[in-house]
């Protein structure tokens, strides 16, 4: 579970002055945050260059005895989790599924990064809700905190509805609405009062 004062289980939303084009319209779920740094997954960017059956094939995961037809497996979306280690996969999922290596982030959301969970998903035995991401977003010691102070990010509490059930193109606007502010009125400048 998240330690007090840290952002695990929160969403990062880019401020209007975001200078990194990779993140200017992103919604990032923070999976882990400590004094050592932070790791998160972009949850609103589709992965266009590979589909789920191709991923299973590349990883030599047998889904031949699968109860889910291959055509349905093609409908399981993959996401670009961030620019770091884009060949590595992470599954953000509902907390109804857990393995020994699963990181429980909140009462409703967990993270697993094993081949077993991909096989379970392909066989219809995985978590109820999940988001498969390739790559992640990472920050070193103090980096995320400094970016927040510089007015690059806003944070809000994550919820399973927004993370798993909201259409990709609506996640950013729903997160903005959850904050209850008009983002077009926000300044990209930062300073001290």
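Throughout, read-outs are computed from the coordinates displayed, never taken from laboratory work. Keep in mind that this is a model prediction, so the values were computed, not measured. Here Cβ is always computed from backbone atoms with ideal geometry, including for glycine, and neighbour counts include all displayed protein chains.
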| note | By the C-alpha gyration tensor axes a ≥ b ≥ c (rounded if a/c is under 1.5, else prolate when a/b exceeds b/c, else oblate), the shape of region 10-185 is prolate
| said: I want to check the label-to-label distance for residue 107 and residue 141. Put each point 7 Å from Cα in the C-beta direction and report it in nm to one decimal. | reply: 3.5
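Pop the C-beta distance of residue 125 and residue 181 into the FRET formula with R0 = 45 Å and round what comes out to the nearest 0.05.
Working: r = 41 Å, r/R0 = 0.92.
About 0.60, to the nearest 0.05.
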| To the nearest 500 deg cm²/dmol, what mean residue ellipticity at 222 nm is calculated for the chain from DSSP H runs of n ≥ 4 alone, each contributing -39,500 (n - 2.57), summed and divided by the residues? | -5000 deg cm²/dmol
| Taking Cα atoms, how many degrees apart are the long axis of helix 168-179 and the longest axis of the chain, rounded to 10 and kept between 0 and 90? | 40
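Restricting to region 10-185, what percent of DSSP beta bridges are antiparallel, rounded to 5?
Once the DSSP bridges in region 10-185 are tallied, antiparallel ones form about 90 percent.
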| said: Can you give me the C-alpha center-to-center distance between region 85-159 and region 32-49, rounded to a whole angstrom? | reply: 7
| message | Given an 8 Å cut-off on Cα distances and at least 6 residues of separation, report the relative contact order of the chain as a percent. | response | 29
